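Only one structure is covered here, and it is reproduced in the block below.
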Amino acid sequence: MHPLVAAAAGSGFLAVALGAFGAHAFAARWPADRMAAYRSGVQYHMFHSLAALGAATLEASGAASGLALGAGWLWLGGVALFSGSVYGLAAGGPRRLGAVTPVGGLCFLAGWALLALAVVGRRG
C-alpha cells in the first residue's frame with residue numbers, strides 16, 4: 001500500500017478530531033466569524049484528505065497515471081498550509097499567517113490540475 005493512503009487516512013482522522021474539538025471547545029467562546037473560519041479550515045481539510053485517498057486509489061487501480069500521487073501529496077501539503085494557517089488565524093495567531101493561506105490554496109489548485117493531467121495522460 002502506498003504511503004499516501006496512510007497519510008490521507010491520518011489527515012482525515014485529524015480533520016474529524018479538530019472539527020469535533022472546535023465544535024465543543026471553541027463554539028461557545030469564539031465569535032461567529034472566527035468559528036466560521038475554523039469550520040472552513042476543517043471542511044477544506046476533510047475534502048482534500050478524501051481527495052488524496054481517492055488519488056491513491058485511482059493510481060493503484062490503473063485509472064490514472066502516477067501523477068495522481070503527486071496530486072494527493074499536493075493536497076495534503078495544501079491542508080497543512082491552508083487549513084493550518086486558517087486554524088492558527090482563528091485561534092488568534094499572528095496575522096502574518098494569512099500570507100501562508102493562499103500558498104495552500106495554490107497547492108489545492110495545482111493538485112486538481114495534476115489529477116486532470118493524470119487521468120487524461122492515462123487515457124491518451
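Exactly one residue out of V5, V103, V86, V16 is in contact with a Ser or Thr (Cβ under 7 Å, 6 or more places away or on another chain) and of a type in the set (A, V, I, L, M, F, W, C), and it is V86. Looking across A36, A55, one residue alone is assigned to a helix (DSSP H, G or I) and either on the phi > 0 side of the Ramachandran plot or touching a helix residue (DSSP H, G or I) at 6+ places or on another chain (Cβ under 7 Å) (or both). It is A55.
Of all residues in the range 100-124, those that are over 17 Å from the mean Cα position of the chain (by Cα) and either within 25 Å of R34 (Cβ to Cβ) or buried (at least 19 other Cβ atoms within 10 Å of the Cβ) (or both) total 1.
Has the range 104-119 got at least one residue that is without any contact (Cβ under 8 Å) to a residue 40 or more places away in the chain, hydrophobic (A, V, I, L, M, F, W, C) and in contact with a Leu (Cβ under 7 Å, 6 or more places away or on another chain)? The answer is yes; a qualifying residue exists. Could you tell me which residue of the range 74-90 is modelled with the lowest pLDDT, considering only residues that are of a type in the set (G, A, S), farther than 9 Å from C107 by Cα and touching a Phe, Trp or Tyr at 6+ places or on another chain (Cβ under 7 Å)? The residue in question is A90. Go through A51, A71 for me and flag whichever is surrounded by fewer than 23 Cβ atoms within 10 Å (Cβ to Cβ), under 18 Å from A9 (Cβ atoms) and of a type in the set (A, V, I, L, M, F, W, C). Step by step, each of A51, A71 is checked, and only A51 is surrounded by fewer than 23 Cβ atoms within 10 Å (Cβ to Cβ), under 18 Å from A9 (Cβ atoms) and of a type in the set (A, V, I, L, M, F, W, C). Kindly indicate whether A71 is part of a helix (DSSP H, G or I), over 20 Å from R95 (Cα atoms) and modelled with pLDDT of 95 or more. Yes. When R29 is tested against the conditions (1) part of a helix (DSSP H, G or I); (2) farther than 23 Å from H2 by Cα; (3) basic (K, R), the lone failure is (1). Note on the range 24-48: residues that are more than 20 Å from G111 (Cα to Cα) and surrounded by 14 or more Cβ atoms within 10 Å (Cβ to Cβ) total 7. Restricting attention to the range 78-105 and to residues that are part of a loop (DSSP other than H, G, I, E, B) and either touching a strand residue (DSSP E or B) at 6+ places or on another chain (Cβ under 8 Å) or of a type in the set (A, V, I, L, M, F, W, C) (or both), the residue that is farthest from H48 (Cα to Cα) turns out to be A91. Screening the range 12-34 for residues that are modelled with pLDDT of 95 or more and under 17 Å from G88 (Cβ atoms) and picking the one that is nearest to the chain's Cα centre (by Cα) gives A15.
The values are calculated or read from the model by the stated rules, or taken from the named source; none is laboratory data. For clarity, every value in this text was computed on a predicted model and none was experimentally measured. When we count neighbours, we look across all protein chains shown, and the Cβ atoms used for this are built from the backbone with ideal geometry, even at glycine.
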